[in-house]
Amino acid sequence: MRIPTPHRTVLTVAAALLAVPGTAAAASATDRHPADALRPVTALAADRLATADLVAAAKWGTDSPIDDPAREQQVLDTVATQAQRIGADPDEIRRVFRDQIEANKLVQRGLFAEWTAHPDRAPTTKPDLNVVRQTINRINTDLVRSLADTTADRTAPACRPELLMAAVEVHLERHQDLLHTAALARSLARICRN
């Protein structure tokens, strides 16, 4: 049986997330649904990635570059401050959000490439980037809190298989394309501490 391409991508992501020795056995030892604890983190990462389409549309055809070091630094500083306020590790939160930013840019670059190759698919309206950033800021705050709330789960030996299950569930629910699936995997790269 041939597995459809999007599902092959999920299986590739699964293989990458399970590549850490000893994590598969740990997942089978848990009594609760393994994806429950890390599902909010994964869903918020996917929510944040969904904004990449709007950011790309806002920047398309303008002088606004995909890479925006000043904005990126502002995001990293803000989430680190939020983390510190709630007792989370600000350096860890910065690392996780660096992945979120890189994943977002991966989607933007992919969309720019598609729109360049197929101008008929390019957006015809421009969202207000300031409004989109307000949404991103809200998601960021929720994600910082979710990361803080799941510190024990993200440190546990079962983190990678649980994260994989959460990622697969989110992927299937949202019917993500290959670009967004790859970006979701990129955004989750350093969620687990092991």
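Per-structure values
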item	result
Cα gyration tensor category, rounded, prolate or oblate, for the range 41-116 with a/c compared to 1.5	prolate
Separation between Cα centres of the range 145-180 and the range 76-121, rounded to whole Å	16 Å
Per residue accessible area of the range 50-107, 1.4 Å probe, in Å²	45 Å²
Hull-based mean projected area of the range 64-194, where the convex hull spans the alpha carbons, in square nanometres	8.8 nm²
Sulfur and carbon atoms: percent of accessible area, the range 32-133 [1.4 Å]	52 percent
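The values are calculated or read from the model by the stated rules, or taken from the named source; none is laboratory data. Keep in mind it's a predicted model, so treat the numbers as computed, not measured. Please note that ligands, DNA and RNA were not included when accessible areas were found on the heavy atoms of the full protein model with its side chains. Shrake-Rupley method; radii C 1.70, N 1.55, O 1.52, S 1.80 Å.
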